[in-house]
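Please read the structure below before turning to the comments.
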Ligand SMILES: Cc1cc2nc3c(=O)[nH]c(=O)nc-3n(C[C@H](O)[C@H](O)[C@H](O)COP(=O)(O)OP(=O)(O)OC[C@H]3O[C@@H](n4cnc5c(N)ncnc54)[C@H](O)[C@@H]3O)c2cc1C
Ligand code: FES
């Protein structure tokens with residue numbers, strides 16, 4: 001896994017609780033990325049190392065700087081630290097760009113629909129800029145939900161893009177908490193399945209449309225189900241998860257366990273209580289296993305199980321690429337009370 005050290009050139013305040021970090025591209029080893037991918041920031045806070053992925057809000061063909069937009073999460077360690085402590089001139093360790101929430105231009109006639117809520121706009125904003133700039137014949141619909149106009153990240157920039165590319169780009173805003181809203185500015189309420197169906201079915205080639213969804217699980221389910229009802233194939237529906245959500249019922253057979261971890265030739269024994277992932281407890285014990293997404297997508301935290309049984313919870317994508325004894329530690333929970341594994 002390649003790592004880089006980047007300097008923060010500027011910080012933009014987007015809304016009351018969101019900022020954009022603008023990193024200077026390194027002079028020699030420029031970082032290559034695709035719109036929709038993410039960069040992982042590595043920060044040391046109170047002596048512990050934290051890694052957190054942030055989608056690029058910049059687009060490679062449009063923006064000179066690498067940009068990541070960070071919204072505060074209530075009680076979140078890293079998002080609040082970034083918003084409060086980082087300043088222009090600071091240097092930050094990052095991992096190479098990753099992620100498959102990307103656009104591969106196959107047919108420029110394929111209409112693209114982007115569905116987002118809150119900070120889920122960041123990869124969608126990057127994709128919008130990149131596609132408008134590089135694919136003049138491709139139409140984009142962005143449907144974007146927020147509580148208030150003032151909490152809407154990139155609202156002014158998106159309205160400007162709509163004015164500039166008015167034949168290719170259509171923005172529909174939804175506001176769940178605004179009392180009154182001018183119909184030119186958007187809709188009141190949340191993105192509903194009837195809105196999804198009405199909008200997408202207007203497209204006579206809707207079975208060939210391409211969809212990107214980024215937001216809470218409720219949005220994903222609403223949009224995905226409406227699209228499936230219109231016979232849009234699952235392969236044309238891409239999703240990006242910012243947070244792993246696990247149904248508590250899935251922990252029914254998980255056990256408290258002693259876990260021996262072999263990492264870089266060193267063995268450590270930790271106690272993993274029921275409900276915590278092996279990765280979480282290892283990091284709490286200063287075993288600095290590399291990781292990034294914490295949602296079971298990037299493979300950075302992969303280990304081989306040597307003894308005992310683990311189960312992975314919260315995976316949102318089929319993982320046929322993993323061998324039977326491969327486990328992603330960010331999603332791994334013990335099923336037996338003695339486990340031994342090796343980080344690879
Ligand atoms: C692929 C990917 C891309 C991402 N891109 C962005 C981005 O562009 N902008 C951005 O602001 N964030 C993004 N995130 C989320 C980000 O990586 C962090 O998870 C988030 O900033 C919270 O970290 P924290 O250390 O502040 O919170 P933690 O201290 O890790 O968590 C504190 C509490 O908040 C909950 N929580 C964690 N994450 C979220 C969340 N996203 N929303 C609501 N509650 C949460 C946790 O369950 C926990 O209870 C992305 C995540 C992934 C996996
Ligand atoms: S940290 Fe990405 S798969 Fe575990």
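Only the coordinates and a few stated rules stand behind these numbers; no lab work does. Quantities reported herein were computed from a predicted structural model and do not represent experimental measurements. Glycine also receives a Cβ, built like all others from the backbone with ideal geometry; neighbour counts cover every protein chain displayed.
Side notes on the structure shown:
- Relative contact order computed over segment 73-216 (Cα-Cα under 8 Å; 6+ residues apart), in percent: 28
- Relative contact order for segment 3-98, counting Cα pairs under 8 Å that sit 6 or more residues apart, in percent: 40
- Taking the chain and dividing mean pair separation by its residue count, relative contact order in percent (alpha carbons under 8 Å, at least six apart): 13
- Whole-angstrom gap from segment 289-309 to segment 113-181, using each part's C-alpha centre: 35
- Taking other C-beta atoms within 10 Å as the exposure proxy, 156, 179 rank 179, 156 from fewest upward.
- Peptides 327-333, 264-270 ranked from most to least packed, by the mean per-residue count of other Cβ atoms within 10 Å: 327-333, 264-270.
- Look at where the Cα atoms of segment 182-206 and of segment 59-103 average out, and the two centres are 31 Å apart.
- Residues 336, 18, 122, arranged from fewest to most other Cβ atoms within 10 angstrom of their Cβ, appear as 336, 18, 122.
- Helix-derived mean residue ellipticity, 222 nm - over the chain, DSSP H n ≥ 4, -39500 (n - 2.57), to 500: -5500 deg cm²/dmol
- Candidates 273, 248, 53, ranked by Gaussian network fluctuation over the chain, Cα under 10 Å, top entry: 248
- By other beta-carbon atoms within 10 Å, ranking 319, 52 with the fewest at the front produces 319, 52.
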